[in-house]
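Please see the structure below; I have some questions.
The values are calculated or read from the model by the stated rules, or taken from the named source; none is laboratory data. All values reported here derive from a predicted model rather than from experimental measurement. Because the Cβ atoms are built from the backbone with ideal geometry, glycine has one as well, and the counts that use them run over all protein chains shown.
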Amino acid sequence: MPSIPPGEVRLQAVDLTNCDKEQIHIPEAVQSFGALLAFDDNNQITRISANLPRLLGTPDTEGILGCNLSTVFEPKDIDSILKASSGTGWQIYHCVTSSGLSVNVLLHDSGRERYIDLIPVDEIHNEPNTATILLDFVSRASKTTTVLALAELLARTVRSISKFDRVKVYKFDKEWNGEVIAENRDAKAPSYLGLHFPQSDIPKQARELYQRNKVRVIANVDGARTPLISNEAGAPLDLSFSFVRSVSEIHLQYLRNMGVAASMSLSIFNDNKFWGLVACHHYSPRTVTFQEAALYEALSDICSGRLADLDKVEKAEIEAESLRNVQEIAKNVSGSGKLQTLLQGRPKMQDLIESTAAIICLDGQIMKTGAAPDDLTISKLVNWLERGREDIVAFDDLPERFSEEIGAYACGLLAASLGERSKSWIIWLRFEITKEVNWAGDPYKPAEETPFGTRLYPRSSFELWKEVKRGTSAPWLDWESETAKSLSQLISRFLASGQVT
């Protein structure tokens, strides 16, 4: 093992017990491939990473802490760095420190202090041709017609530039579990395509950080972490946006268990909602420059925009078809004057929304079609809906919420109230769908008994682990809930005017 420079430490003990509470935005340390210094409104240096004196060739911290920025940078460079901070995005500035070190710097504002990430520059490093790459990607992305094709293009493009051993696109479900929907990899890297990862792998505070900082890099999972030091005690510095921010030891151990030595992750959004990640893994230490990171973020942003476009096109087509069907069924009901037409006409309720049963309950009177429960069970179900009294109710786990017995008839329920009338609803039901989920390892955190009590540790295996899930139906999509709402509003107006009985 290589020697650790003075002021740098390694952490070994890993315990997941309080993983969800870990404050990963204030680690008070950075990764050793870069350095950091913070300063106040007077440009006085308030704290530094412990490796900065070594990088600058200064014997100790006294020649830096408490001094002006001019101790480290030339006055002209200070002006340029501070001006860059007024811009947006990646305002990268290259300069030579007063000690002669060539660095790229990136300035951030934590609110209380500003701070600078510094990365020594490798003079022979060739940066990618950003403009050409982005123009090509925009052209190719605009031609994709499915989310899968777009995800595959992104994985292929990021890997062709970055040379990471594996690049996977990881999509969240509504519970924040992730599924690998696209992957591009070296032959030596195991495939995770089609596998699922539990939401506990990326806890809530990590997801929140990933929405603020869209590119995160780990240069070496076994690299030393460099603590921040200052002359005065104070609140920890918020490093949410720092490129060199040190990483949770829990996550580092997770990557080690995967056999990964370095990683990069990019956030993907759909209509400003956190949709998924690009996760890049390498089997040896791997650094990323500011310029490369800016390019990867741009690729991810382009993908996010195209993802929203694809969704809007699909949604518009579905909504147009749904509107035509709702108008047609409303016309038929109005013409017949009978609510029963909802169940028997063409189109009928089950043509609007795929289901195994459809039910109308008007003032407690029940009409039904398909594989519906008996009237007593339906009455109990309606009484249960009345207690919640929401206009639209959609569940794909009805047995867990209502009663296990209902599972014999339905595990999915979509219900829309008919105005203010008591015990008046239109309801769609769906049978159970037994789902086999392929997980990357056992998704449940392994607990071990220790002299200090029960402790949880990062998963150590990512081999295929199959789980059969029972008690749920196919999920109700947003457009289906909107369709149910539109139909219920039309029928409510017919009932109020006496057009329908």
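On the given criteria, is residue 243 assigned by TED's automatic domain parsing to the domain that holds residue 47, part of a loop (DSSP other than H, G, I, E, B) and farther than 17 Å from residue 167 by Cα?
Here the answer is yes, as residue 243 does meet what is asked.
Let me ask something else. Quick one: would you say residue 383 is surrounded by 15 or more Cβ atoms within 10 Å (Cβ to Cβ) and farther than 19 Å from residue 431 by Cβ?
Against the criterion (surrounded by 15 or more Cβ atoms within 10 Å (Cβ to Cβ) and farther than 19 Å from residue 431 by Cβ), residue 383 does not qualify.
Can you confirm whether residue 324 is farther than 30 Å from residue 244 by Cβ and touching a Leu at 6+ places or on another chain (Cβ under 9 Å)?
The answer is no for residue 324.
Taking segment 117-142, which residues are under 14 Å from residue 242 (Cβ atoms) and touching a helix residue (DSSP H, G or I) at 6+ places or on another chain (Cβ under 7 Å)?
Of everything in segment 117-142, just one residue is under 14 Å from residue 242 (Cβ atoms) and touching a helix residue (DSSP H, G or I) at 6+ places or on another chain (Cβ under 7 Å), namely 119.
Only one of 88, 157 is modelled with pLDDT of 95 or more and either assigned by TED's automatic domain parsing to the domain that holds residue 296 or not hydroxyl-bearing (Ser, Thr, Tyr) (or both). Can you tell me which?
Going through 88, 157 in turn, just one is modelled with pLDDT of 95 or more and either assigned by TED's automatic domain parsing to the domain that holds residue 296 or not hydroxyl-bearing (Ser, Thr, Tyr) (or both): 157.
Taking residue 330 as meeting all but one of (1) free of Cβ contacts under 8 Å to residues at least 40 places away in the same chain; (2) not assigned by TED's automatic domain parsing to the domain that holds residue 171, write down the number of the exception.
Every listed condition holds for residue 330 apart from (1).
Which is acidic (Asp, Glu) and either in contact (Cβ under 8 Å) with a residue 24 or more places away in the chain or within 28 Å of residue 467 (Cβ to Cβ) (or both), of 201, 186?
Sole residue among the options that is acidic (Asp, Glu) and either in contact (Cβ under 8 Å) with a residue 24 or more places away in the chain or within 28 Å of residue 467 (Cβ to Cβ) (or both): 201.
Here's something else I'd like to know. Take the residues of segment 281-310 that are of a type in the set (Ser, Thr, Tyr) and out of contact with any His (no Cβ under 7 Å at 6 or more places or on another chain): which is surrounded by the fewest Cβ atoms within 10 Å (Cβ to Cβ)?
The extreme case among them is 284.
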